[in-house]
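Student: Take this structure first; my questions come after.
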Amino acid sequence: MPKVYANGFQIGISNADMHVILTLAGRPIQVMFLSYTLAKTLHEKLGGVVQEFETQVDRKMLTTDDIHEAFQGGEK
């Protein structure tokens with residue numbers, strides 16, 4: 001099974017499904033198509049894992065949006 005590392009992503013939607021383009025250093029490396037049902041389930045499962053990690057380490061993880069805002073001096 002191929003393994004992929006990404007440090008960014010883009011999201012696109014249609015009336016039938018959605019896609020996530022994984023990027024590395026700003027360049028697309030992989031595309032993943034998902035039904036909305038699977039996307040919602042993945043959202044909930046990933047959120048639960050991150051929440052459990054934050055609880056275990058007693059720290060809130062920064063998002064890339066948080067980091068971008070900090071580098072912009074608080075501007076979004």
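Throughout, read-outs are computed from the coordinates displayed, never taken from laboratory work. A quick note: this is a predicted structure, and the numbers were derived from the prediction, not measured.
Student: How would you classify the range 18-76 from its alpha-carbon gyration tensor, with a ≥ b ≥ c the square roots of the eigenvalues: rounded for a/c under 1.5, else prolate if a/b is greater than b/c, otherwise oblate? Each step should come with its number before you reach the end.
Tutor: Details: a/c = 2.25, a/b = 1.15, b/c = 1.96.
Here the range 18-76 falls in the oblate category.
Student: Per 0.36 nm of contour for each residue apart, how much would the distance between L42 and I21 grow if the chain were fully extended, relative to their Cα-Cα spacing? Mind showing how you got there, number by number?
Tutor: On the way: separation 21, 0.36 × 21 = 7.56 nm, distance 1.54 nm.
Going from the current span to full extension adds 6.0 nm.
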